[in-house]
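Reviewing the structure listed below.
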Amino acid sequence: MSDKYTYHYYGFNILGDSARALLAHAKVQYKDPRFGMDAWPEIKPTLPGGVCPCLELEDGTKIG
């Protein structure tokens, strides 16, 4: 099975880890490109509402 989802979130552990735990518990395969605060200014405009976490679907739709 290919990764149908991409979960965009910071590379450190805070609120976004609960969603990662749910995805793992449901055995959903997903891409997990973690990023640091130094990359945030470049990534922020690409996310809906400029907020994190963000789940990107296979068709490119982003849900914030």
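The table below gives the values:
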| item | result |
| --- | --- |
| Loop GluC sites (Glu not before Pro), the range 24-64, which have at most 15 other Cβ atoms in a 10 Å radius of their Cβ (DSSP) | Glu58 |
| Per residue value of the accessible surface for the range 2-64 (all protein chains in place, 1.4 Å probe), Å² | 66 |
| Approximate spin-label separation Glu58-Lys31, in nm, with each point projected 7 Å along Cα-to-Cβ | 1.4 |
| Whole-percent carbon and sulfur share, accessible surface of the chain, 1.4 Å | 59 |
| Under 5 Å, built H, 5+ apart or other chain: amide partners of Cys54 | His8 |
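The values are calculated or read from the model by the stated rules, or taken from the named source; none is laboratory data. Note that this is a predicted model, so its numbers are computed, not measured. Positions of Cβ are backbone-derived with ideal geometry, glycine not excepted, and every protein chain shown enters the neighbour counts. SASA here: full protein model, heavy atoms, side chains in, ligands and nucleic acids out. Shrake-Rupley method; radii C 1.70, N 1.55, O 1.52, S 1.80 Å.
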